[in-house]
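Peer 1: Quick one: the structure is below, questions incoming.
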Amino acid sequence: MIPPKASDTAVFDDICTIVWRVLDVEPGDIEITPDDSLTDDLGLESIDLVTIGAMLIERYGEQVNLAAHLAEMDIDDVIALRIGELADFVTARLADEQLAER
Amino acid sequence: MTDVTNEPILRLHAPTPGDLAELLAGPDAHLLALADAAPAGGSGGGSGGCRLGVVAPNAKRLALARKVVGRGRPWRGRNEVWFSPAPLLADRPGGLAFVFPGLEAEFAPQVDDIAAWLGVAPPERNVATLGTHAASVLAVGRLLDAALRRLGIRPDATAGHSIGEWGAMFAGGILSGSAFDDLIGRGHLDDLRVPGLEFAALGCGVAPVAEAIAGRADVVISHENSTNQTVVCGPAPELAEIVDAFRARGVICQILPFRSGFHTPMLGPYVAPFRDSLLSLDLRAPAMPVWSATTAEPFPAQAGDIGRLCVRHMLEPVRFRGLVEQMHAAGIRVFVQAGPGQLGSLIDDTLRDSDHLTIAANSMHRSGLAQLRRLAVALWVEGGAPDFAALDADVAASAETAASAETAVPAEAVRPADVAISPVLARLHQLGTRVPAAAEFGALLSDLAESVVAVLEAAGAAPEPVAPPEPIRATDTTLHVSTSAMPYLLDHCLAAQRDGWPDETDRRPVVPATTTIWHMMRAAEQAAPGRTAIGVDDVVLHRWLVAAPAQDLAVRTRPVGVDRVHVSVGDFAEATVLLGNPEAAPSAWRPEPGEHTPTLSAADLYEQRWMFHGPGFQAVSACRAVADRSARADLTVPDAPGALLDGVGQVLGLWLIEREERWVAFPVRIARIRFHTAEPSPGTRLECTVRIRDIAPDAVEAEAQLTVSGRVVVSISGWHDRRFDGGGRLGDIHRFPQLSTLSEHQPGGWWLLADPWRGIAARELSLHKYLGAAERDEYNARPVRDRRRWLLQRVVVKDAVRGWMWDRGAGPLFPAEIAVVDTGTSRCTAVGQHGLHLPDLDIAVAHCGEIAAATVQEQGPTRNIIHIEEAKHAVTPANDPSTSVVRNPEGLPARQYLVRWADSAMTDQTPQRGSKEITP
């Protein structure tokens, strides 16, 4: 279990919005928690990660490159990816970017 | 696995989402009590309306169900709720496909409980080598195919991804069970491998990939999987480079854990042994469309063509995206994934914006039977009719043994494992002489031997789900006939009415004979799960099957032999349906000498209303030729069920129109129909030849062949049409009732109608063009012997009124737009219906013997009068100008009449001399 940090709340909300869109449901129809696995709990397939990756780029810009991030993981970790981990990844990349801008 | 078997299921249906919402508005406790009962809801169990299914309903799921129903959009399975406001399979025959997965990184089928349920040994699951992995995937696919059929779920088409295509060939009838075993056992699956080649899945469409590898020979596209996934194949270092470049662009990529070079030209030097094995198999014409991912089209029917396509399949890219798009375009809406894994997500990705359902028959997340339960719910919600009882019946039984009479095959019947081991070894030897890479050979050989053993073991243990057919059941079901359940019937209405006409019954939508036949074939297949209807004998059509008002008909199946079942649809129609493998096709007929080009084009047939069929039944796409005893035309299979064979009737109609005065005809009896391949799918173009066997004034007998590229796919003999009067005015009223009359306008301004109908059937055909619903009730309330008189009078009055209106500039007027109201003996007036305004009219009408007459004027100070009497002997020439002598036309008893008409204005006119003799 990876609880969201306070500062992550906005990112977590964004990710929920993206996942609902990918699932083609209205916001809130399906409850999403940080502990949910994308595949087992939310029923997403690997092809859906492609869509999520594209939507993250659309939302945050090129520096949030899910493709590069997943490339560093092995296949079992990709399959077991949780919403909280996804939020952490985005938060970390955004923080990197802020550092780079200073 | 935390499955509770026999989870309760709540199923509800209602005409509209609003009605469904009302059903759901009740307290949870009430709804929970409905779970596992037969589906609850309004207005019958028809496939129309909208449907909701909830697995293991609880407060949370019911709340979600209320929400999605309230929104009125489809919701397909998330959180165990299924909802379809417009079920995908309702009135979409041919809408369901089985789709067989190929190799996937993860392979964790849950099938042990399914095998126990079917009473067969569970399939081997062994992913040690490419060959064993492939054999395991295929064995699981085959088991699931049997399980689906046990549930009464039957594919209308099949397809597969990569090696899954072989599963599709089995399920679709190209490969028999033993040929399928041979393919796996002798197919040298491990041989199909190019050393050093890898696959990479790229998370983008084909265009950027094609651009990136343009000009390269070492890396090629092997799979166009979906809108957002393309697979490339090449040597590992080159692939790594490409993957890095795409990742840098934010594209998600994955190197796949298979090395084979399958679906690329690089495999070319390695396919010979497999190809030889494959081409030695018994390849049959498909029993249904089996779609090729190489061509994105259905497989051909000839063994040679099938074999060639199988070889291309190994060397050319898998065009799965194009395949899915084409299948959707051909009407497939439900894709049942016959295996575990992610194949459905590729379909969803491709069909993101198109209405469809993908549902897996197996899932790693729950037990096999629990997933089948969800699949059954999903299909029911889309208008399917899975056999829930079979699912429930099992769970108790599966604990027991396979002893029950229902189980497919006793263990002893399973193929023994001694399948020609020595030929396999012989082929191994042969292989040694052919494989070019000698250095690879040792490893290859040992791998291959291992896989062959594993495969043979698997084959030995594998279920033989189609082996001895189950006996055909006697079934009693209900067919709901209405235009909402069968919207295509709006294109098959016998009585045209003004656009926007509110009363559907006045249009007289009828179920075509051939659509009834289609339903009887489906009913027969339901009675014999897993078997296919390949022919129909002794079709008798007793009377019109009218769809408005809606009716529910009892459909009964009664087995009359091992492979024959008698089917009746109410008291409207009956036939004997044949089940099994298609019979060999006869050779195609040669054109009859003396053919000439028809005067009518296909467009003319419909635009000039020689055929009343709307677009859904306009099967003729080109009129080719007519001759003394034959006609030829091209047909393009329309979407509506049965519309193809209706097209055969239209080609017969073409011959009658071109050659005969009396051209209106409808089928009453068909002795024999054979489908020599799977029923051609919508959009298929065929040639139809109809030969006239016999023609009489009231009947015509024909035979027909439907061919594709010179091969006969359907043959028909003993097609009997009943002929109706279609010449002259009857033909005109048949084609353009709004512009034509059955009665004739007479000098002097009155209208005359002599009985044009030879028999009650012909009369009733006209009746529906002339009378609205209320008037039909009136007609039916008349004593039988008075009906002709009554109808003659109605028709002549309506024609007289329309003529009067046309004389004053009115446009097209359908007879039903004018209601006739009796105002006294031989007097009436007319009232416009549904928006037509008529002035107050004074109408006189008279009848005698076989004729009726009417005259019309606007109401005023004078009154119309008309009178008819039979003139027994010589006609007395009348001095009265408003007198005519009328003779019955030919075909009616020789009689003559004296007709007198007048109104007060006319009596003041100067008398004319003589009488007019008229033959209407």
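The values are calculated or read from the model by the stated rules, or taken from the named source; none is laboratory data. What you see is a predicted model; the values in this text were computed from it and never measured. Because the Cβ atoms are built from the backbone with ideal geometry, glycine has one as well, and the counts that use them run over all protein chains shown. Note: accessible area is taken over every heavy atom of the protein model, side chains too, but ligands, DNA and RNA are not part of it. Shrake-Rupley method; radii C 1.70, N 1.55, O 1.52, S 1.80 Å.
Peer 1: Within the range B:268-288, can you find the residues that are open to solvent by 20 Å² or more (accessible area, probe 1.4 Å) and not hydrophobic (A, V, I, L, M, F, W, C)?
Peer 2: Selection gives B:GLY268, B:PRO269, B:TYR270, B:ARG275, B:ASP276, B:SER280, B:ASP282, B:ARG284.
Peer 1: Of the numbered conditions (1) open to solvent by 20 Å² or more (accessible area, probe 1.4 Å); (2) touching a residue at least 12 places away in the same chain (Cβ under 8 Å); (3) out of contact with any helix residue (DSSP H, G or I) (no Cβ under 8 Å at 6 or more places or on another chain), B:TRP655 fails exactly one; give the number of that condition.
Peer 2: For B:TRP655, the exception is condition (1).
Peer 1: Looking only at the range B:250-267, how many residues end up being in a loop (DSSP other than H, G, I, E, B), more than 9 Å from chain A (Cβ to nearest Cβ) and surrounded by fewer than 22 Cβ atoms within 10 Å (Cβ to Cβ)?
Peer 2: The qualifying residues number 3.
Peer 1: From (1) closer than 25 Å to B:ASN362 by Cβ; (2) more than 10 Å from chain B (Cβ to nearest Cβ); (3) buried (at least 20 other Cβ atoms within 10 Å of the Cβ), pick out the condition that doesn't hold for A:LEU44.
Peer 2: Status for A:LEU44: all satisfied but (2).
Peer 1: Given the criterion farther than 18 Å from B:THR483 by Cα and without any contact (Cβ under 8 Å) to a residue 40 or more places away in the chain, identify the matching residue among B:VAL510, B:VAL560, B:VAL565.
Peer 2: Answer to the check: B:VAL560.
Peer 1: Moving on. If I ask for residues that are open to solvent by 30 Å² or more (accessible area, probe 1.4 Å), touching a Leu at 6+ places or on another chain (Cβ under 9 Å) and at the interface with chain B (Cβ under 7 Å from one of its Cβ atoms), which ones from the range A:52-66 would you list?
Peer 2: Once the filter is applied, which keeps residues that are open to solvent by 30 Å² or more (accessible area, probe 1.4 Å), touching a Leu at 6+ places or on another chain (Cβ under 9 Å) and at the interface with chain B (Cβ under 7 Å from one of its Cβ atoms), the range A:52-66 yields only A:ILE57.
Peer 1: How many residues does the range B:21-54 contain that are at pLDDT 80 or above and touching a Phe, Trp or Tyr at 6+ places or on another chain (Cβ under 8 Å)?
Peer 2: Number satisfying all stated conditions: 5.
Peer 1: Also, I was wondering about something else. Only one of these conditions is not met by B:PRO195: (1) within 11 Å of chain A (Cβ to nearest Cβ); (2) surrounded by fewer than 23 Cβ atoms within 10 Å (Cβ to Cβ); (3) not β-branched (Val, Ile, Thr). Which number is it?
Peer 2: In the conditions (1) within 11 Å of chain A (Cβ to nearest Cβ); (2) surrounded by fewer than 23 Cβ atoms within 10 Å (Cβ to Cβ); (3) not β-branched (Val, Ile, Thr), B:PRO195 misses (1) alone.
Peer 1: Continuing with this model, one more query. Determine whether A:THR39 is in contact (Cβ under 8 Å) with a residue 40 or more places away in the chain and within 10 Å of another protein chain (Cβ to nearest Cβ).
Peer 2: yes
Peer 1: Of the residues in the range A:31-41, how many are open to solvent by less than 40 Å² (accessible area, probe 1.4 Å) and assigned to a loop (DSSP other than H, G, I, E, B)?
Peer 2: 5
Peer 1: Oh, and also: Please specify each residue of the range A:9-30 satisfying the condition of being in a helix (DSSP H, G or I) and facing chain B (nearest Cβ under 9 Å).
Peer 2: A:LEU23 - this is the single residue of the range A:9-30 that is in a helix (DSSP H, G or I) and facing chain B (nearest Cβ under 9 Å).
Peer 1: Related question: Within the range B:61-77, restricting attention to residues that are assigned to a helix (DSSP H, G or I), touching a residue at least 12 places away in the same chain (Cβ under 8 Å) and within 12 Å of chain A (Cβ to nearest Cβ), which residue is farthest from B:GLY18 (Cα to Cα)?
Peer 2: B:ARG61
Peer 1: Say whether the condition of being under 30 Å from A:MET55 (Cα atoms) and touching a residue at least 24 places away in the same chain (Cβ under 8 Å) is met by at least one residue in the range B:257-270.
Peer 2: Yes.
Peer 1: Which of (1) within 19 Å of the chain's Cα centre (by Cα); (2) surrounded by 19 or more Cβ atoms within 10 Å (Cβ to Cβ) does B:PRO598 not meet, given it meets every other one?
Peer 2: (1)
Peer 1: Does B:LEU89 satisfy the condition of being away from chain A (no Cβ under 12 Å), among the aliphatic types (A, V, I, L, M), surrounded by 22 or more Cβ atoms within 10 Å (Cβ to Cβ) and under 15 Å from B:HIS13 (Cα atoms)?
Peer 2: In short, yes.
Peer 1: So, one more: Among the residues of the range A:67-92, what is the count of those that are assigned to a helix (DSSP H, G or I), at pLDDT below 90 and either within 11 Å of chain B (Cβ to nearest Cβ) or buried (at least 20 other Cβ atoms within 10 Å of the Cβ) (or both)?
Peer 2: Residues flagged as assigned to a helix (DSSP H, G or I), at pLDDT below 90 and either within 11 Å of chain B (Cβ to nearest Cβ) or buried (at least 20 other Cβ atoms within 10 Å of the Cβ) (or both) within the range A:67-92 amount to 9.
Peer 1: Kindly indicate whether B:GLY307 is assigned to a loop (DSSP other than H, G, I, E, B), open to solvent by less than 10 Å² (accessible area, probe 1.4 Å) and among the small types (Gly, Ala, Ser).
Peer 2: No.
Peer 1: Another question about this same structure. Quickly run through the range B:803-837 and pick out the residues that are over 42 Å from the mean Cα position of the chain (by Cα), of a type in the set (Asp, Glu) and assigned to a helix (DSSP H, G or I).
Peer 2: Passing the criteria: only B:ASP807.
Peer 1: Looking at the range B:304-318 only, could you name the residues that are more than 20 Å from B:SER681 (Cα to Cα) and of a type outside the set (Val, Ile, Thr)?
Peer 2: B:GLY304, B:GLY307, B:ARG308, B:CYS310, B:ARG312, B:HIS313, B:MET314, B:LEU315, B:GLU316, B:PRO317
Peer 1: Inspect all residues belonging to the range B:626-645 and state whether any of them is farther than 20 Å from B:TRP719 by Cβ and either open to solvent by less than 10 Å² (accessible area, probe 1.4 Å) or more than 20 Å from the chain's Cα centre (by Cα) (or both).
Peer 2: No; the residues of the range B:626-645 include none that is farther than 20 Å from B:TRP719 by Cβ and either open to solvent by less than 10 Å² (accessible area, probe 1.4 Å) or more than 20 Å from the chain's Cα centre (by Cα) (or both).
Peer 1: When only residues in the range B:230-241 that are open to solvent by less than 10 Å² (accessible area, probe 1.4 Å) and within 14 Å of another protein chain (Cβ to nearest Cβ) count, which is nearest to B:HIS133 (Cα to Cα)?
Peer 2: Out of the qualifying residues, it is B:VAL231.
Peer 1: Let me ask you something else. Within the range B:351-381, take every residue that is over 24 Å from the mean Cα position of the chain (by Cα) and part of a helix (DSSP H, G or I) and give me the one that is farthest from the other protein chains (Cβ to nearest Cβ).
Peer 2: Among those that are over 24 Å from the mean Cα position of the chain (by Cα) and part of a helix (DSSP H, G or I), it is B:LEU369.
Peer 1: Another question, then. Does at least one position in the range B:321-342 carry a residue that is more than 14 Å from every other protein chain (Cβ to nearest Cβ), buried (at least 24 other Cβ atoms within 10 Å of the Cβ), in a helix (DSSP H, G or I) and not polar (S, T, N, Q)?
Peer 2: yes
Peer 1: Further, regarding this structure: Restricting to helices (runs of 4 or more DSSP H) lying wholly in the range B:137-249: which have 1 or more residues that are touching a residue at least 40 places away in the same chain (Cβ under 8 Å) and in contact with a Lys or Arg (Cβ under 7 Å, 6 or more places away or on another chain)?
Peer 2: B:164-171, B:177-186
Let's see how each residue does on (1) at pLDDT below 95; (2) over 30 Å from B:TRP544 (Cα atoms); (3) not in a helix (DSSP H, G or I):
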| residue | (1), (2), (3) |
| --- | --- |
| B:GLU764 | yes, no, no |
| B:ARG776 | yes, no, no |
| B:VAL801 | no, yes, no |
| B:PRO839 | yes, yes, yes |
